[in-house]
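Read the structure below first, then the notes.
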Amino acid sequence: MVKVITYGTFDLLHYGHIKLLERAKNLGDYLIVGITSDDYDKSRGKINNKQTLMERIRAVRDTGIADEMIIEEDEGQKIDDICRLGVDIFTVGSDWEGHFDYLNEFCKVIYLPRTEGISSSEVRTEQRKIRIGLVGTAVFQTKFVNESKFVNGVEVFGIYASERPSAPELQGLFYSDNYDQILERVDAVYIISKPEEHYADAKKALLAGKHVLCESPLAFSKDESDELFRIAKEHDIIMMEAIKTAYSTAYERLILLAKGGKIGKVISVDAVCTSLQDGLTIKGTDLSRKWNSMCGWAPVALLPIFQILGTDYKQKTLSTLFLDKEANIDAFTKIDFVYPKAVASIKVAKGAKAEGELIITGTKGYIYVPAPWWKTDYFEVRYESQENNRRFFYQLDGEGIRYEIVAFAKSIEMKKNISYITENVSGRIAQIIGDFNNRIDLIELG
Ligand code: C2G
């Protein structure tokens, strides 16, 4: 019996895939089809499959062509599969010509002609692209524009800001200093205006029926944050908070491990985020144009605390060193939380420096995420006995921004919010920033 193996994603199974499977089957007597896992696809840059692994498996199975199906978790697996399953022929479409010649050592390699004129990307983009308008200016915007190019089905169309942006990446975009002009032309907005403008900018877009992805904090109170989500629901549109860390695979996994009891009961979550690059401490810097430490860092630092311990803390204390109290610019803020059975803390600073690590303390062990933990691809689970320690690596592309855009685009297509940041967490973040602004539970240092 001649055994044949082939691999693929088979997203939105189309005529080209089916022809390939039929030809592969005709090369022998028994066909094994390896379907790529979502994580493997992510790591090789295929980030926005429309279908889940189960849907893709079902679609291939329903063709009735495959005799056996397996899941492909990584590139190196092919050699192992070929040897273990006693495969005689490896085959794949001619778009891979030459790429798999190294498998000749283990079995015969055949490249089959690819069916011209059809691909999953074309099927995907037949659906109209989501047009995104940028609101406000910040250096960060260029990253968003660059990352959006990796995501099928979205395009950044224009920008609304008081001044025409100077970055070369933004030059080809439609520009207006009139918000309405942008809103008329787009399906969605990405808001990166000054923190005090987020709420009004988001509300205006939502009331105009546009989907919103908004940098954190969404607002300066829980009520305002809740209101934005309520308007979005009433209009059947998507409201999402943009904290890119939430979309890093390593971060997602460590939250699941912590919540799943891997380190016992969590009794402390401690997050540190600092940066001096904004020049807040340099004489002559125009502080009124800068984000303070709290708006710049607290949302990301608070995220693991609220996602692991929940938002119902019993008590909190903010300790702040102001750089300019009038302008509400803090050089450094530490927040201590007391929960019924745990504690937590964040240290955020733009005018002080510390090790930017995240430590989650449990009754059986701890999770250690080295600096800069908010854009990490790596963490460790550590125990009393070192031999039980585990290290985890996950590929991180574009600091999580492209996965965030994928989640936003998928939410819009599915008409269902699949954001990793719940409404409740967004509301509590807004409240903490509001309490800081109103000096509630705040001790001033110095
Ligand atoms: N294919 C084809 N004609 C098309 C489109 C795809 O013959 N018009 C073939 C591809 O060459 C591949 C198979 O269908 O052999 C599955 O294609 P994809 O789902 O795009 O998967 P791919 O990324 O090519 O997976 O380990 C993964 C494999 O190496 C390749």
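For this structure, a couple of remarks:
- Distance from the C-alpha centroid of the range 140-178 to that of the range 324-338: 32 Å, rounded to the whole angstrom.
- Hits among aspartates and glutamates - C-alpha to C-alpha of Lys325 under 12 Å, sequence gap 8 or more where chains match: Glu444
- Working value for the range 1-47: equivalent-ellipsoid semi-axes of 23, 13, 6 Å, each the square root of 5 times a Cα gyration tensor eigenvalue, largest first.
- Couplings 3J(HN,Hα) for the range 87-97, derived from phi with the Karplus relation 6.51 cos²θ - 1.76 cosθ + 1.60 (θ = phi - 60°), are 7, 9, 10, 9, 9, 7, x, 5, 5, 9, 2 Hz, where x marks Gly and Pro.
- The simple spin-label model puts a point 7 Å past each Cα toward its Cβ; for Asp88 and Leu276 those points are separated by 6.9 nm.
- Beta bridges per DSSP, both residues in the chain: antiparallel share near 40 percent.
- If you take the Cα centroid of the range 83-132 and the Cα centroid of the range 227-301, the two points sit 39 Å apart.
- Under DSSP loop assignment and at most 15 Cβ neighbours within 10 Å, longest GluC sites (Glu not before Pro)-free interval of the chain: 164-325
- Intensity falloff of the range 20-113 expressed as log10 I(q)/I(0), Debye formula with alpha-carbon point scatterers, at q = 0.11, 0.15, 0.16, 0.19 Å⁻¹: -0.32, -0.62, -0.71, -1.03
- Leading residue at positive end of dipole, the range 242-394 (Cβ point charges), from Ser275, Gly362, Ser293: Gly362
- Estimated translational diffusion coefficient (Stokes-Einstein, Kirkwood radius over Cα pairs, 10 °C, 1.306 mPa s) of the range 66-149: 93 µm² per second.
- On Cα atoms only, tilt of 53-63 relative to the major axis of the chain in degrees: 20 degrees
- Karplus 3J(HN,Hα) series, Hz, for the range 416-425 with 6.51 cos²θ - 1.76 cosθ + 1.60 (x for Gly, Pro): 8, 6, 10, 4, 7, 10, 6, 4, 5, 5
- Under a 5 Å amide H cut-off, with hydrogens placed 1.01 Å from N, Ile267 pairs with Thr361, Gly362, Thr363 among residues at least 5 apart or on other chains.
- Viscosity 1.567 mPa s, 4 °C: Kirkwood-radius Stokes-Einstein D of the range 261-398 over Cα pairs, µm²/s: 80 µm²/s
- Exposed trypsin sites (Lys or Arg not before Pro) absent - longest run of the chain, DSSP non-H/G/I/E/B, at most 15 other C-beta within 10 Å: 150-264
- Every Cα-Cα pair in the range 209-314 was counted, and those over 21 Å apart are 52% of them.
- Pairs of Lys residues in the range 1-108 are counted when their Cα atoms are under 14 angstrom apart and they lie 8 or more places apart or on different chains; the count is 4.
- Most positive-pole-ward Cα, Gly8, Ile35, Tyr313, against dipole of the chain from beta carbon charges: Tyr313
- Cut-off under 5 Å, modelled amide H: who pairs with Val189 long-range: Gly133, His211, Val212, Leu213
- Once the Cα atoms are used to define both axes, helix 249-259 deviates from the longest principal axis of the chain by about 70 degrees.
- The Rg/Rh ratio of the chain, with Rg taken over Cα atoms and Rh as the Kirkwood radius over Cα pairs, comes to 1.03.
- Angle in degrees between helix 222-234 and the longest Cα principal axis of the chain, rounded to the nearest 10: 40 degrees
- Amide H to amide H, with H built 1.01 Å from N, Tyr394 comes under 5 Å of Tyr378, counting only residues 5 or more places away or on other chains.
- Over the range 142-223 - Rg/Rh using Cα atoms and the Kirkwood inverse-distance radius: 0.95
- Here the chain is treated with +1 on each Lys and Arg Cβ and -1 on each Asp and Glu Cβ, and its dipole about the Cα centre works out to around 580 debye.
- Listed values for the range 434-446 are Karplus-derived 3J(HN,Hα) couplings in whole Hz (6.51 cos²θ - 1.76 cosθ + 1.60, θ = phi - 60°), namely x, 4, 4, 4, 8, 6, 8, 6, 10, 10, 8, 8, x, and x replaces Gly and Pro.
- The range 272-349: translational diffusion in µm²/s, Stokes-Einstein, Kirkwood Rh over Cα pairs, 20 °C, 1.002 mPa s: 161 µm²/s
Coordinate-derived values only; no laboratory data. Fair warning: this is a prediction, and the values are worked out from it, not measured in the lab. Here the Cβ is made from the backbone with ideal geometry for all residues, glycine too, and neighbour counts use every protein chain on show.
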